[in-house]
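Taking it in order: structure first as structure tokens, then the write-up.
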Amino acid sequence: MTGRIGLDRVGAVAVITVDNTRIKNALTQRMARDLGAVCEEIDADASIGCTVIQGAGGTFCSGADTSTWAETYGDDPLSDEAYADTDEMYGSFVRFGELKAPTIAAVRGAAVGAGLNLALAADLRVAADDARLLAGFLAAGIHPGGGFFTLVRRLAGREAAATLGLFSQEVSGREAKGFGLVGVCVPDEDTEKTALEIAQHVARDPLVARRAKRSFNLETQSTPLPWAAALEVERGVQLWTQARRLRHQREQA
């Protein structure tokens, strides 16, 4: 099994499901491609007024599937192929963040690393009280990527960016709501249901929802560094740390 990106429809709401439960919904390269394709499909359907993204099996997403990196990139995670793959992975998150209709991430279980980036790409996060939000990059010996610091800062400020990204602190959904990273916090079993209820409310008039989303983006994305620029700033260092980690693994083998 290599995982899949599911797309369902509930009235005027599109529901994207990240489904790779074998490895806690980690995203493969194929899943990243499929996520981009699903976003194209959603944007092309003007009757969709909101999109919810969720994980299968009670957890959101544990990040990118790194299990094949050594096999794919060998001794060179700085290769052209590796560079293109990071473009594709993080580019799919940017594509999700650019959806014309409002977006909600329903976060249960864990959102880790790139999986947390994906949740941060949504316009609103509905999280379980006990959800685990963890950057995890530095703990794994990898520099944060995908514009992580910029994403967190623009949502919750510099202190939150430091807590999660620089000092690798894990926070619960309840704690994340306390500093503005999560908008709505509910008991675990109510997460997807609550996200869908909120989505259905805004999706009642898809045209108005899409136009409101456009204004929302224009008025709220003033950041010290544009997301696309932050992605480029972080990418080179992240790839270097991946190479460094592989080198250390070989030395210890």
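The values are calculated or read from the model by the stated rules, or taken from the named source; none is laboratory data. The structure presented is a predicted model; accordingly, all values stated were derived computationally and were not measured. Counting neighbours? That spans all protein chains shown, and the Cβs are built from the backbone with ideal geometry, glycine included.
Go through region 196-211 residue by residue and tally those that are of a type outside the set (Lys, Arg) and within 11 Å of ALA101 (Cα to Cα). Residues flagged as of a type outside the set (Lys, Arg) and within 11 Å of ALA101 (Cα to Cα) within region 196-211 amount to 8.
Of all residues in region 96-118, those that are more than 9 Å from the chain's Cα centre (by Cα) and among the polar types (S, T, N, Q) total 1.
Summed over region 97-143, residues that are in contact (Cβ under 8 Å) with a residue 40 or more places away in the chain, under 21 Å from ASP45 (Cβ atoms) and either small (Gly, Ala, Ser) or part of a strand (DSSP E or B) (or both) total 8.
Scanning region 82-96 for residues that are in a loop (DSSP other than H, G, I, E, B) and either at pLDDT 95 or above or on the phi < 0 side of the Ramachandran plot (or both) turns up nothing. Pairs are defined by a Cβ separation below 7 Å, a sequence spacing of at least 6 or placement on different chains, a first member in region 28-51 that is part of a loop (DSSP other than H, G, I, E, B), and a second member that is surrounded by fewer than 18 Cβ atoms within 10 Å (Cβ to Cβ) and not acidic (Asp, Glu); the pairs so defined are THR28/THR2; GLY49/ARG204.
For region 170-222, filtering for residues that are under 21 Å from SER47 (Cα atoms), surrounded by fewer than 17 Cβ atoms within 10 Å (Cβ to Cβ) and among the hydrophobic types (A, V, I, L, M, F, W, C) leaves 4.
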